[in-house]
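Comments concern the structure below.
Derivation of every value follows stated rules applied to the coordinates shown; laboratory data play no part. Keep in mind that what you see is a predicted model, and the values were worked out from it rather than measured. Reconstructed Cβ throughout: ideal geometry from the backbone, glycine too, with neighbour counts over all protein chains shown.
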Amino acid sequence: MKRKASAVWEGGLKDGKGTISTDSGVLSDTQYSFGTRFEQGKGTNPEELIAAAHAGCFAMALSAQLDEAGLRAERLQVSATVSLEKLETGWSVTESHLDLTARIPGADQAAFDKAANNAKAGCPISKLLKANITLDARME
């Protein structure tokens, strides 16, 4: 299975602008720029899209882990915070922090922790990232 997205960039780094689109049409000529990446401009940026992908991927992976354990989540609320830092070698995504709040009737802490950690390690986006991946997980 392959997924495709495209980007167009016009101009220099600081004064240029670009658009990002996906084949599904969810993103269609969505604006991004230096301002949306490094300042507070209107639009998106690659790191925000990685954070969204990581949060969504982790939630689905956790749902699969819970299914295998005979548990069913009522609700999984996940946010991902991606850190972009300037290192000696240049800009790099150094961390993706997952924050999970889960409502899972009948789950004990040990089963929850095992499923969450397995999902963190096994999610395809986690596997893609070379960054440090951290997780704060709690049940309601």
- Message: I'm trying to understand the selection: among the residues of region 55-103, which are among the polar types (S, T, N, Q) and surrounded by 12 or more Cβ atoms within 10 Å (Cβ to Cβ)?
- Response: Ser63, Gln65, Gln77, Ser79, Thr81, Ser83, Ser92, Thr94, Ser96, Thr101
- Report whether or not Gly106 is over 24 Å from Ser6 (Cβ atoms) and loosely packed, with under 12 Cβ neighbours inside 10 Å. yes
